[in-house]
Ligand SMILES: [Zn+2]
């Protein structure tokens with residue numbers, strides 16, 4: 001369970017990252033933290049990359065249908081145009097942002113803002129995804145969430161792609177992936193080669 005750090009005196013910002021494979025509940029965890037901040041009457045702004053058009057344009061929707069309004073933006077620099085009273089910034093699908101995102105998060109934290117970013121840590125090849133490694137390195141708090149392996153029931157850390165082809169992620173096509181543990185993921189890739 002993630003506990004909010006508390007601080008004394010001057011307001012201090014920080015960066016939290018929620019990462020994991022597909023179906024691991026990253027967005028649910030992001031929404032949970034943001035809703036709790038809202039209950040505490042903190043001014044919250046939420047962003048996502050514009051290319052995410054899975055559901056409607058403005059909300060981040062998780063599988064349990066709890067949702068929050070998110071502003072779709074073309075690039076990470078747009079995140080710096082915040083209202084003065086914003087104290088919490090949420091970022092969904094962080095892995096799809098441009099390389100500037102870590103520096104933008106640093107600047108926001110420097111301004112005293114709590115930044116909470118959620119994203120895929122690895123792509124379907126098991127490789128670190130886009131800006132995520134850099135974001136994880138500079139974050140004060142990192143939470144790795146897990147799904148359940150559809151084959152063996154162990155904790156799943158990998159997004160196994162059922163479809164053939166080599167584009168990194170097919171957005172809006174979640175049915176083409178399944179969560180797998182390390183062993184079942186490797187097994188699937190071996191079977192694919194033979
Ligand atoms: Zn497994």
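Worth a mention:
- Filtering region 173-193 to residues that are part of a helix (DSSP H, G or I), within 14 Å of the ligand (Cβ to nearest atom), free of Cβ contacts under 8 Å to residues at least 40 places away in the same chain and surrounded by 13 or more Cβ atoms within 10 Å (Cβ to Cβ) leaves 182, 183, 184, 186, 187, 188, 189.
- Unmet requirement for residue 163, which otherwise passes all of (1) loosely packed, with under 14 Cβ neighbours inside 10 Å; (2) within 16 Å of the ligand (Cβ to nearest atom): (2)
- Scope region 73-95; condition touching a residue at least 24 places away in the same chain (Cβ under 8 Å) and more than 30 Å from residue 179 (Cα to Cα); matching residues: 77, 78, 79, 80, 82, 83, 85, 86, 87, 88
- Taken together, the residues in region 128-158 that are within 10 Å of the ligand (Cβ to nearest atom) and assigned to a helix (DSSP H, G or I) amount to 0.
- Any hit, region 96-107, residues being touching a residue at least 12 places away in the same chain (Cβ under 8 Å), in a loop (DSSP other than H, G, I, E, B), away from the ligand (no atom under 13 Å from the Cβ) and crowded, with 22+ Cβ neighbours inside 10 Å: yes
- Conditions (1) within 16 Å of the ligand (Cβ to nearest atom); (2) outside any loop (DSSP other than H, G, I, E, B): number failed by residue 116: (1)
Any read-out appearing in this document is the output of simple, stated calculations on the displayed coordinates, not a laboratory observation. Keep in mind that what you see is a predicted model, and the values were worked out from it rather than measured. When we count neighbours, we look across all protein chains shown, and the Cβ atoms used for this are built from the backbone with ideal geometry, even at glycine.
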